[in-house]
Amino acid sequence: MTASTDETGAGPREATTGPTADAIRETCIAIRELDAWYGDIHALRSISLDIAYGEVIALIGPSGCGKTTLLRCLNRLNDEVEGARVAGSVRLDGQEIYARPVDPVALRARVGMVFQKPNPFPKSIYDNVAYGPRIHGLATDRAQLDDIVHVSLERVGLLKEVRDRLDEPGTDLSGGQQQRLCIARTIAVGPEVILMDEPCSALDPIATARIEDLIDELAEDYVIVIVTHSMQQAARVSSRVAYLNHGSLIEVGETNRIFTNPQHKLTEDYITGRIG
Amino acid sequence: MNMTTVVLLLSGVGIAAFYAGRSRALRLGGGIDAARHLHSLPGYYGYFVAIWATLPAAFVLLGWLLVRERLLIAWVVTGLPESIRELPPGQLDLLLNNVLNLAVLPDAVAADPVIAAATEHYRAAVEISQWSVAVAVGALAMLGTWLALRLVRPGFRARNRVEAVISRFLVAASSIAILTTIGIVLSVLFEALRFFEQVPLHEFLFGTSWSPQTAIRDDQVGSSGSFGIAPLLAGTLLITLISMLIALPIGLMSAVFTAEYSTSRIRGVVKPLLEVLAGIPTVVYGFFAVLSVAPWVRGLGEALGLDVASESALAAGLVMGVMIIPLISSLADDAIRAVPDSLREGATALGATRYETIVGIILPAAMPGIAGGVLLAVSRAIGETMIVVMAAGLAANLTANPLEAVTTVTVQIVTLLVGDQEFESAKTLAAFALGLMLFVITMLLNVLGLTFVRRYRERYE
Ligand SMILES: Nc1ncnc2c1ncn2[C@@H]1O[C@H](COP(=O)(O)OP(=O)(O)OP(=O)(O)O)[C@@H](O)[C@H]1O
Ligand SMILES: [Mg+2]
């Protein structure tokens, strides 16, 4: 299948839409002919996609089409899955992440991930956020670590809610707070890219709105790749949308255009609710 | 008519009642499509009738079997002449025993006319009682069948009745386990209390010397017996400690390996092997300890210029440690694998290495479960008997030196009760006091351990 791909940052239409359109600069992640398998299951088929700095790209598509798999290829989390294989090329800032010398552990510090279900560690709120900086040696003393923790919590709007109970377990927070804690934990490591796999699917509408606002704010500093099942959410937070079906990238384009004028029949069927 | 026949006949009645009940239900329900008119499936009506046919009769039969002996003897006694009934109880019992023994031998006739008469009397009583019981049981079975059959109507809730009976049976079955436990605990408790009448509690708990040899005859000298439990507890503790020093690190590391590092193929080999280790009878570990490990420890000690007893706490502890490895590793493996994958992935996605993830996230999260497992393992080590009986020795030394021979609570219980014993002596009763002690300790550890394990399980529901 062929993907009809807009050239990112090209064309006047691109420059006039989306909150972050001005910031679109150069390619951050370049995916070329990426294939992925779980044992015999061919989960991704020859995906080619460029993700640029300053953009929020939403991956949509029916259940089982490979959205999560694509995300997990970007931080090599699928390396940990028994029987998972990947072929093709993914470049981060021009550097091949599947090349031999690349340490996946170091890669994951640059490409953070937020999961579908909030998964705070059974530790204190403070330690949840401090965990990443600690293992990467980002702070030389306690004061510096405090600083990172506070800035990260502030960044996700959680600091004023939990300032007095940083010692309490992160698992005691509400679902929405837990998810923001997980985002804080991710940005505490200082990544360039944040992968989000249906980050709001376990949350109520109010908590969802908070996370969506947060994504808008974070978009200034991070490249965000978000998987979502909600068209509204994709429309609200993303500047571009990529539609996957059966492991293939069907269509990718600027958000407004995909929703108003999809080029591909499958895309149209999906966004109008005929499949998926 | 003997009892086996009665039981067989009753079973026959039950089966017949089942078919009678079922066919009546089918007939009243209207033949082919009876199932639509009946409240319950036809079979339930059959079971219902069968239950009423057999259960009351079976209870009567059972009740009769329980009191039979006593009733028959009472019956024989009333038939004896006055002079013999007035005999002292001991002699009367002897005579009755004679009667009972004679009665079961066919054609045997006693020389003593009184006994001969009593035997005849007894035989007649047995005959009559068996017939009357058989008749009573039969009548009850008929009555039950008839009453139950009358109840069988299409709207009758046979299933609910049958299920109620079944649930009673289940309750009864589970109470057997509970009642047995309570019975054992109480009997140990009462015997222990009798022990404490002879030996004061504080002497037992705080005395530092254990030598349970009491004088059996008055003219024996030198063995007044002392029952201080301290050396036994010290020995138990020492061996437990040594075994945990072996089992804890090895078991934990093997659990981390199987749960986190091994591929599913390796896991498929390692886990069953560990379970084989867990299935080896402790007596095998015991002779392994005596024949291989103890001499080896002794030889090693000698090579180092140390004085090692031929039965040392170290040898027993080492082998017990090996025995406990699979227990710890399997409980810890469960605890580690119960940590949700989302935590693993969360840490990995932050750039933690596998080792960092395990040490920083997985093990802390699994700690309550692991701690619970360790407590269970400790209580297992404390209660373990065979290995220490064979390898630890009998010397009640109050020592912390693992190279000396020590003895444990379990070993002493065994030695106190092996061989001919006088049941009333402090020496024998001491076994019960030790048993009570052991029971209290291991029960506390188990309760604590299970609480940990359970609380931990709930956390990730
Ligand atoms: N760990 C795994 N082992 C085997 N097969 C897997 C595994 N994870 C995913 N798959 C398979 O790979 C395909 C793509 O799965 P993926 O999770 O990427 O879909 P998805 O688009 O994220 O779906 P959803 O919207 O339901 O989350 C599916 O067919 C799925 O069954
Ligand atoms: Mg998914």
query: Among the helices (runs of 4 or more DSSP H) confined wholly to the range A:63-157, which include 2 or more residues that are crowded, with 17+ Cβ neighbours inside 10 Å and within 16 Å of ligand 2 (Cβ to nearest atom)?
result: A:67-74
query: Does the range A:4-23 contain any residue that is in a strand (DSSP E or B), small (Gly, Ala, Ser) and modelled with pLDDT under 95?
result: yes
task: May I ask you to list pairs of residues, at least six apart or on different chains, whose Cβ atoms are under 7 Å apart, with the first in the range B:107-128 being under 17 Å from B:THR78 (Cα atoms) and among the hydroxyl-bearing types (Ser, Thr, Tyr) and the second being modelled with pLDDT of 85 or more and surrounded by 11 or more Cβ atoms within 10 Å (Cβ to Cβ)?
output: B:TYR122/B:LEU72
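Residue by residue, here is whether (1) at pLDDT below 85; (2) in contact with a helix residue (DSSP H, G or I) (Cβ under 6 Å, 6 or more places away or on another chain) holds:
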| site | (1), (2) |
| --- | --- |
| B:LEU398 | yes, yes |
| B:GLN412 | no, yes |
| B:GLN421 | yes, yes |
| B:ALA426 | yes, yes |
| B:PHE439 | no, no |
| B:LEU445 | no, yes |
| B:LEU450 | yes, no |
| B:VAL453 | yes, yes |
| B:GLU458 | yes, no |
- prompt: Restricting attention to the range A:223-235, which residues are away from ligand 1 (no atom under 16 Å from the Cβ) and under 9 Å from A:THR255 (Cβ atoms)?
  reply: A:ALA235
field: Breaking point among (1) in contact (Cβ under 8 Å) with a residue 60 or more places away in the chain; (2) within 14 Å of chain B (Cβ to nearest Cβ), for A:ARG155
entry: (2)
message: Being more than 34 Å from the chain's Cα centre (by Cα), among the aliphatic types (A, V, I, L, M) and away from every other protein chain (no Cβ under 14 Å) is true for just one of B:LEU403, B:LEU394, B:LEU417. Which residue is that?
response: B:LEU403
- request: Give the residue, chosen from A:ALA99, A:ALA106, that is over 30 Å from A:SER174 (Cα atoms), within 14 Å of chain B (Cβ to nearest Cβ), of a type in the set (A, V, I, L, M) and free of Cβ contacts under 8 Å to residues at least 12 places away in the same chain.
  value: A:ALA106
query: Which members of the range A:128-141 meet the condition of being more than 9 Å from chain B (Cβ to nearest Cβ) and either closer than 18 Å to A:ILE194 by Cα or at pLDDT 95 or above (or both)?
result: A:ASN128, A:VAL129, A:ALA130, A:PRO133
query: Going by the conditions given, is A:ALA87 more than 13 Å from ligand 1 (Cβ to nearest atom), without any contact (Cβ under 8 Å) to a residue 60 or more places away in the chain and of a type in the set (A, V, I, L, M, F, W, C)?
result: yes
- prompt: In the range A:48-59, what residues are hydrophobic (A, V, I, L, M, F, W, C) and either away from ligand 2 (no atom under 16 Å from the Cβ) or at pLDDT below 95 (or both)?
  reply: A:LEU49, A:ILE51, A:ALA52, A:VAL56
Residues within the range A:109-120 that are over 16 Å from the mean Cα position of the chain (by Cα) and at the interface with another protein chain (Cβ under 7 Å from one of its Cβ atoms), tallied: 0
task: Looking only at the range A:41-74, count how many residues are touching a helix residue (DSSP H, G or I) at 6+ places or on another chain (Cβ under 6 Å) and within 20 Å of A:VAL237 (Cβ to Cβ).
output: 6
query: So, in the range B:326-347, of the ones that are over 18 Å from B:VAL453 (Cα atoms) and crowded, with 24+ Cβ neighbours inside 10 Å, which residue ends up nearest to the other protein chains (Cβ to nearest Cβ)?
result: B:GLY346
- request: Answer yes or no as to whether A:ILE226 is away from ligand 2 (no atom under 16 Å from the Cβ) and away from chain B (no Cβ under 14 Å).
  value: no
- prompt: Of (1) within 16 Å of ligand 1 (Cβ to nearest atom); (2) touching a residue at least 40 places away in the same chain (Cβ under 8 Å); (3) closer than 24 Å to A:GLY39 by Cβ, A:VAL114 satisfies all except one. Which?
  reply: (3)
message: Six or more apart or on different chains, Cβ atoms under 8 Å: show the pairs whose first residue is in the range A:55-76 and touching a residue at least 40 places away in the same chain (Cβ under 8 Å) and farther than 18 Å from A:ARG110 by Cα and whose second is of a type in the set (Phe, Trp, Tyr) and more than 10 Å from ligand 1 (Cβ to nearest atom).
response: A:ILE60/A:TYR243; A:ILE60/A:TYR270; A:GLY61/A:TYR243; A:GLY61/A:TYR270; A:PRO62/A:TYR270
- prompt: Under the condition of being in a helix (DSSP H, G or I) and in contact (Cβ under 8 Å) with a residue 40 or more places away in the chain, which residue from the range A:248-267 is farthest from the chain's Cα centre (by Cα)?
  reply: A:ARG257
task: Inspect all residues belonging to the range A:71-86 and state whether any of them is of a type in the set (S, T, N, Q), within 17 Å of the chain's Cα centre (by Cα), more than 9 Å from chain B (Cβ to nearest Cβ) and on the phi < 0 side of the Ramachandran plot.
output: yes
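The values are calculated or read from the model by the stated rules, or taken from the named source; none is laboratory data. Treat the numbers as computed from the prediction; the structure is a model and nothing was measured. Quick reminder, even Gly has a Cβ in these numbers, built from the backbone with ideal geometry, and neighbours come from all protein chains shown.
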